[in-house]
Amino acid sequence: YSLSEFLLMNGIAGMVHAAFSCQPLLILRPTGPITLMITQIYILSLQLNIDFFALMAWTGLGVSIWSFLVSGLELSRHIALLTTFAHDVFAAFVSSIYVVDGITAVIGRFYLDGSPSRPLFALTISSALVIIAFAL
């Protein structure tokens, strides 16, 4: 099993949840920081020769312990001290993840393919989508 199976499983679980829970707008799939964390955990599991799902389980256990500490000590009351600047920084971080990921995927195609036609097609489609997005 690998990262693609993990993401596929989350996608299927999200569709089943949306179909049977009557909450189709609930976001269950990974967001930018979660996707980045999962990718880094996967790379770490390859480097350390550890099972990816076991490492994810231990990571989830650590996050749950941290969450219990935060809720038990009521540390969420300090969220009122944050300004909109923190929200803007987080939004910039999330959007930059997708921008960098898209750019590296398009540039990576030039190194993987022998012929330039497929990478140039991907670059053309990506550029057209950016132009359409900015036009809207």
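The values are calculated or read from the model by the stated rules, or taken from the named source; none is laboratory data. No experiment lies behind these values; they were computed from the predicted model shown. Note: ideal-geometry Cβ built from the backbone for every residue, glycine included; neighbour counts use all protein chains shown. Ligands, DNA and RNA are stripped out before the accessible areas are found, and what is left, the full protein with its side chains, is counted by its heavy atoms. Shrake-Rupley method; radii C 1.70, N 1.55, O 1.52, S 1.80 Å.
Data overview
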| quantity | calculated |
| --- | --- |
| Selection status of THR35, in contact (Cβ under 8 Å) with a residue 40 or more places away in the chain, of a type in the set (Val, Ile, Thr) and open to solvent by less than 90 Å² (accessible area, probe 1.4 Å) | yes |
| Options ILE97, ILE65: the member that is assigned to a helix (DSSP H, G or I) and in contact with a Gly (Cβ under 6 Å, 6 or more places away or on another chain) | ILE97 |
| Sole exception among (1) open to solvent by 60 Å² or more (accessible area, probe 1.4 Å); (2) within 28 Å of ALA91 (Cβ to Cβ); (3) at pLDDT 75 or above; (4) touching a helix residue (DSSP H, G or I) at 6+ places or on another chain (Cβ under 9 Å) for GLN23, by number | (3) |
| Long-range neighbours under 6 Å by Cβ, at least six apart or interchain, first residue closer than 20 Å to TYR42 by Cβ within the range 1-18, second modelled with pLDDT of 80 or more | LEU3/TYR42 |
| Condition met for SER45 (in contact (Cβ under 8 Å) with a residue 24 or more places away in the chain and out of contact with any strand residue (DSSP E or B) (no Cβ under 6 Å at 6 or more places or on another chain)) | no |
| Of all residues in the range 58-75 being farther than 30 Å from SER45 by Cα and open to solvent by 80 Å² or more (accessible area, probe 1.4 Å), the one that is modelled with the lowest pLDDT | GLU74 |
| Residue within the range 127-135 that is in a helix (DSSP H, G or I), more than 27 Å from PHE6 (Cβ to Cβ), modelled with pLDDT of 80 or more and not aliphatic (A, V, I, L, M) present | yes |
| Residues of the range 106-124 that turn out to be free of Cβ contacts under 8 Å to residues at least 12 places away in the same chain and open to solvent by less than 80 Å² (accessible area, probe 1.4 Å), as a count | 4 |
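Matching residues to (1) assigned to a helix (DSSP H, G or I); (2) of a type outside the set (Lys, Arg); (3) under 20 Å from the mean Cα position of the chain (by Cα):
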residue: ILE41; (1), (2), (3): yes, yes, yes
residue: ILE50; (1), (2), (3): no, yes, no
residue: LEU55; (1), (2), (3): yes, yes, yes
residue: LEU69; (1), (2), (3): yes, yes, no
residue: ASP101; (1), (2), (3): yes, yes, yes
